[in-house]
1. Over the chain, what is the relative contact order in percent, taking alpha-carbon pairs closer than 8 angstrom and at least six residues apart?
2. What is the sum of charges around R162, taking Lys and Arg as +1, Asp and Glu as -1, for the other residues whose C-beta is under 12 Å from the C-beta of R162?
3. Let me spell out the model: positive unit charges on the Cβ of Lys and Arg, negative unit charges on the Cβ of Asp and Glu, origin at the Cα centre of the chain. What dipole size does that give, in debye rounded to 20?
4. Considering only DSSP beta bridges with both partners in the chain, what is the antiparallel share in %, to the nearest 5?
5. Points 7 angstrom from Cα along the Cβ direction at D206 and D246: gap in nanometres?
6. Can you work out the FRET efficiency for the pair Q122 and E179, with r the C-beta to C-beta distance and R0 = 35 Å, to the nearest 0.05?
7. Going down the table (K156/K251; K223/K285; K156/K285), which pairs top 26 Å between alpha carbons?
8. As I understand it, the value is the acute angle between the Cα axis of helix 347-359 and the longest principal axis of the Cα atoms of the chain; what does it come to in degrees, rounded to 10?
Amino acid sequence: MKKGAAMTSRRSFLKRSGTTLTGVFGLGALAEAIEGRSSPYGRPRLKITAVRTAVVRAHGDQLHVRIETDQGLVGQGEGTDAVVGGPPLVASFARFLVGQDPLNVEALFERIRTAGIFAGAQAGQYVAALSAVEIALWDLAGKALNLPVYQLLGGKVRDRVRVYCDSQTNSPADPKALEKIAQIKELGFTAVKIDVDDRNDPARWDMVNWTASNAEIDTMLGKMAFMREALDKRTDLAVDMHGRYDLTTGKRVAIEAEPFKLLFLEEPVPAENVDAMREVRESTKTPICCGENLFLRHGFREVLEKRAADIIMPDLQKCGGLLEGRKIADMAHTYYVPFAPHCVVSPIGTMASAHVCAAVPNFLVLEWHWIGRLPLWRTIVKEGEILERGFITVTDRPGLGVEMNEEAARGAQAPGTTWFAG
Ligand code: MG
């Protein structure tokens, strides 16, 4: 007889016995207690006992969430960018989590999300804080089931996840540019991204309006030419405009950048006007990418329906977490749109993103933003360096498969914050 069948018949026997013997042995109550405590995954049902937060300052502030259970298992997650109000938000979510089974990730996520529909749960800080919680729940689920998170997301379609380096340099005006580019080459990256928006460009005539002058556009194109020349021909180049410019500038830059055959041009206009993004896309051969400031599937629906982007880049530590990220990727896949997540977080969040990138068919490339913080990057998890020659091999260890090195992380604790209190 199978184990499940044995358990069922034992339960029904205990229940039947309970009907007649309750008065003598209390077996009915015992049967209910066994049912309440047992789980289908070979261990007593887990129960969340505490939810704690800490904030690390690296690329801005990163919100680290720790979820504790009654069996000593601890899950960790990371949120980013829109996490200024993270710790109090996560504290407010605790009432939906404590006492619950952490393996019901979708149910807990939906409960918190729908509880906040009048409190900003459609986007922003609420969803970014929820993303960190969701990732910690997946870490716990993997540890409880002794499986890597990618396995819980449908399994792997690739072992290695390609990563691009945000270069932190872009111009011969930077005296250290060649040194930094040599370091990027040495690390073996196959793709690099540069920023070309410059608030302080001396050719800007107005500090509020973002219509670029001819001179500003020449400077942007000069940066692309410099990097294109400095990098190996087979290394892809992506360019970010950070959604700062107006439509006329966005179109001009996208069209004039065509000779550089960019991997993508990111947010030539702000992401919130989908029609404007589509107008840029339709005007040019340069692939247009957007999405680091969009939230949940709902944020990406119109972009995909209106064919406003060639590539989407949700931030999984911000847009709703790992399963929401997988769902966004799947939506994009039905439009044949590749998925290139934004990512600026520590190896904890980066490995979390890598589990999703390994599991979705339409993955293109994952961001990495730590070239200027290598010592912290290499020590902030106990496993050390997770990047090798511009790729992350997704780990087979249970859960996310990386654990915080408390001492290194605490060295970068954001001033004025508490450390996993609560
Ligand atoms: Mg960006």
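The numbers here are math on the coordinates, done by the rules we state, and not lab data. If you're wondering where the values come from, they're calculated on a predicted model, not measured in any experiment. In this analysis, Cβ positions are derived from the backbone assuming ideal geometry, glycine residues included, and neighbour counts consider all displayed protein chains.
1. Values: 861 pairs, mean separation 79.7, N = 422.
Contact order relative to length: 19 percent.
2. -1
3. Details: 51 positive and 52 negative charges, 418 e Å.
That gives a dipole near 2000 debye.
4. Of the beta bridges lying entirely in the chain, close to 55 percent run antiparallel.
5. Going from the D206 label point to the D246 one covers 0.6 nm.
6. Numbers: r = 44 Å, r/R0 = 1.27.
According to the calculation, E is roughly 0.20.
7. K156/K251; K156/K285
8. 90
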